[in-house]
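*Asks:* Here it is, the structure in full.
Bear in mind that the values in this text are calculations on the coordinates, not laboratory data. This is a predicted model, so every value here is computed, not measured. Virtual Cβ from ideal backbone geometry, glycine too; neighbours counted across all protein chains shown.
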Amino acid sequence: MRFKVLGAAACGAFTAALVFVALGTAASAKPVMPAAVTTLHLVEIDHSFNFVDNPPKLDPKTQEFSPGDSFVFSSELRTSSGKHAGWLDATCSAVTGGKNAATECTGAFRLTGGELVASATVAGDHKVTNISIVGGTGAYAGVRGQVRSVSIGGADSNRSNDTITFWK
């Protein structure tokens, strides 16, 4: 999923990174790795976007968020070979304003077999976004993980490389 803000046309960007999870036990300080780790590499392509300036006060000169602003977006997900893999749908709300506004986002990666539900707080540089996978449905029921979304190209790019890593 990607949650990135691009000026007044703030865009969401979700990305995933390889994550090694250390689950401590009472008897041992050694980390325990999850039994089944799955990693997906997808290309996210912006599809639709809608911004709401709430209350209306966006400064067209600075293109900065204010608390209460929100946006929704949908992105197509493709494999590295270009095959359609699903959709990312998300909604975000600004909780602080200014150049480095903090935005809370939730969304779902709709993939074959189910959905991965994700959440992120985005602030500052939006070239790389790290997102928590908080659960899933269908084939992804009970999973946890992370998405690392890296914008391809410049600030106005409409594509991201998403690495999704999850486990049960």
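*Asks:* First measure r as the distance between the Cβ atoms of H41 and T96, then evaluate 1/(1 + (r/R0)^6) with R0 = 35 Å and state the FRET efficiency to the nearest 0.05.
*Replies:* 0.60
*Asks:* Test of understanding: what is the full-extension gain from S157 to A123, defined as 0.36 nm times their sequence separation minus their Cα-Cα distance?
*Replies:* Length gained, S157 through A123: 10.4 nm.
*Asks:* A follow-up question, please. Quick one: Karplus J couplings for region 158-166, per residue in order, coefficients 6.51, -1.76, 1.60, θ = phi - 60°, nearest Hz, x for Gly and Pro?
*Replies:* Ordered by residue, 3J(HN,Hα) equals 10, 10, 9, 8, 10, 10, 10, 10, 8 Hz.
*Asks:* Further question on the same structure: Could you pull out every residue, at least 5 positions away or on a different chain, whose amide H is within less than 5 Å of the one on H47? Hs are placed 1.01 Å off N in the peptide plane, and Pro or chain starts have none.
*Replies:* Excluding prolines and chain starts, which carry no amide H, the hits are S74, S75, E76.
*Asks:* At most 16 other Cβ atoms within 10 Å and a DSSP loop assignment: could you name the trypsin sites (Lys or Arg not before Pro) in region 69-100 that fit?
*Replies:* Taking region 69-100 and a limit of 16 other Cβ atoms within 10 Å, the loop trypsin sites (Lys or Arg not before Pro) found are K83, K99.
*Asks:* In region 75-168, what is the volume of the convex hull around the alpha carbon atoms, normalised per residue and reported in Å³?
*Replies:* Values: hull volume 8.6 nm³, N = 94.
That works out to 91 Å³ per residue.
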